[in-house]
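Participant: Here it is: the structure, laid out below.
Any read-out appearing in this document is the output of simple, stated calculations on the displayed coordinates, not a laboratory observation. Bear in mind that the values here come from a model prediction, so they are computed numbers and not experimental data. Note that we place each Cβ from the backbone using ideal geometry, even for glycine, and neighbour counts take in every protein chain shown.
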């Protein structure tokens, strides 16, 4: 299952996923594009029952601004405020 659509079709709800976010995007994307990418992956694979882990690895060529955007997007997406 290549790509996000393939993962949804083949694996969502069947196995736990440790999704490696697109590290080739991180050096060149804007913070907004990074937030969109993380949100898209989360929306496509999230299930209330669990089974989704998001993983981000940053190489030395990723600007600090983008690392901050990755962390902020993960915190916002994966830890929504409670009731």
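Participant: Would you calculate, for the chain, the mean residue ellipticity at 222 nm contributed by helices, counting each DSSP H stretch of 4 or more residues as -39,500 (n - 2.57) and dividing by all residues, to the nearest 500? Could the numbers behind the result be given before it?
Facilitator: Working: 3 runs with 38 residues, N = 83.
Here the helix-only value at 222 nm equals -14500 deg cm²/dmol.
Participant: To continue, here is another question. Pick the calculated percent of Cα pairs over 15 Å apart for this structure from [x] 75; [y] 56; [z] 51?
Facilitator: Of the listed options [x] 75; [y] 56; [z] 51, [y] comes from this structure.
Participant: Quick one: which of 39-46, 55-62 comes out on top by average Cβ neighbours within 10 Å, and what's the full order, highest first? Please list the in-between numbers first.
Facilitator: Values: 39-46: 15.0, 55-62: 12.2.
Those peptides, ordered most packed to least, come out 39-46, 55-62.
Participant: For helix 31-45, report the angle its Cα long axis makes with the longest principal axis of the Cα atoms of the chain; keep it between 0 and 90° and round to the nearest 10°.
Facilitator: Rounded to the nearest ten degrees, it is 10.
Participant: Here is a follow-up. Rounding to the nearest 10 and keeping the result within 0 to 90°, find how far the Cα-based axis of helix 64-78 lies from the longest principal axis of the chain.
Facilitator: That helix lies at roughly 30 degrees to the long axis.
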